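Written below as structure tokens is the structure these notes are about.
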Amino acid sequence: MSASALSANLREDAQLVIDVIGEKEAVTLDYSAESVRWLDSYIARHRGELDAGDKSLLQEKFGAYLGESIRHNYGGCWARARNGEWMIEFDERHQASPFALIAEHLDHHTALAQTFASLPRLALQRQN
């Protein structure tokens, strides 16, 4: 399967989050910073109920949604890293790893919304 077809699958996974979570939770997700804050709180509320399989599925689906949120708000495109991980690439030196960010939030209670809001500043710091 081509890289463009695989990145289309990621966009489909993000849309699935919008559709399924939107219906289940009566929320409108739209890739905005507010939607990422909602996703952050959703994970925090349900973290204690999740087993390893749930976390793996959420990392896959929510990672795609977070990646699309990054792409919609800050630009970039889906690209595969050398290790095979899907990233949002802004340029050859600057990437974001939405799947790793979700995994960190699921396992270590990191501040997903705060990290999302900090992405432009973090990218600028790396340029200097």
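The values are calculated or read from the model by the stated rules, or taken from the named source; none is laboratory data. As the structure is a prediction and not an experimental result, all values here were calculated from the model. Cβ sites come from the backbone with ideal geometry, for glycine too, and all protein chains shown count toward neighbours. For accessibility, only protein heavy atoms count, side chains too; no ligands or nucleic acids. Shrake-Rupley method; radii C 1.70, N 1.55, O 1.52, S 1.80 Å.
A few points about this structure:
- For the chain, the longest principal axis of the C-alpha atoms and the axis of helix 3-25 are separated by about 30°.
- C-alpha center-to-center spacing [segment 97-119, segment 12-74] in angstrom: 12
- Solvent exposure of segment 10-128 as accessible area per residue, Å², 1.4 Å probe: 56
- Segment ALA100-ASN9, extension gain: residue separation times 0.36 nm, minus the distance between their alpha carbons: 30.9 nm
- With every protein chain in place, the chain: carbon and sulfur % of accessible area (1.4 Å): 49
- Against the empirical curve 2.2 N^0.38 Å, the C-alpha radius of gyration of the chain lands at a ratio of 1.01.
- Taking the C-alpha atoms only, the angle from helix 98-108 to the longest principal axis of the chain is near 50 degrees.
- Mean silhouette area of segment 1-61, derived from the convex hull of its C-alpha atoms and averaged over all directions, reads 4.9 nm².
- For ALA117 and VAL27, the FRET efficiency from 1/(1 + (r/R0)^6), where r spans their Cβ atoms and R0 equals 22 Å, is about 0.70.
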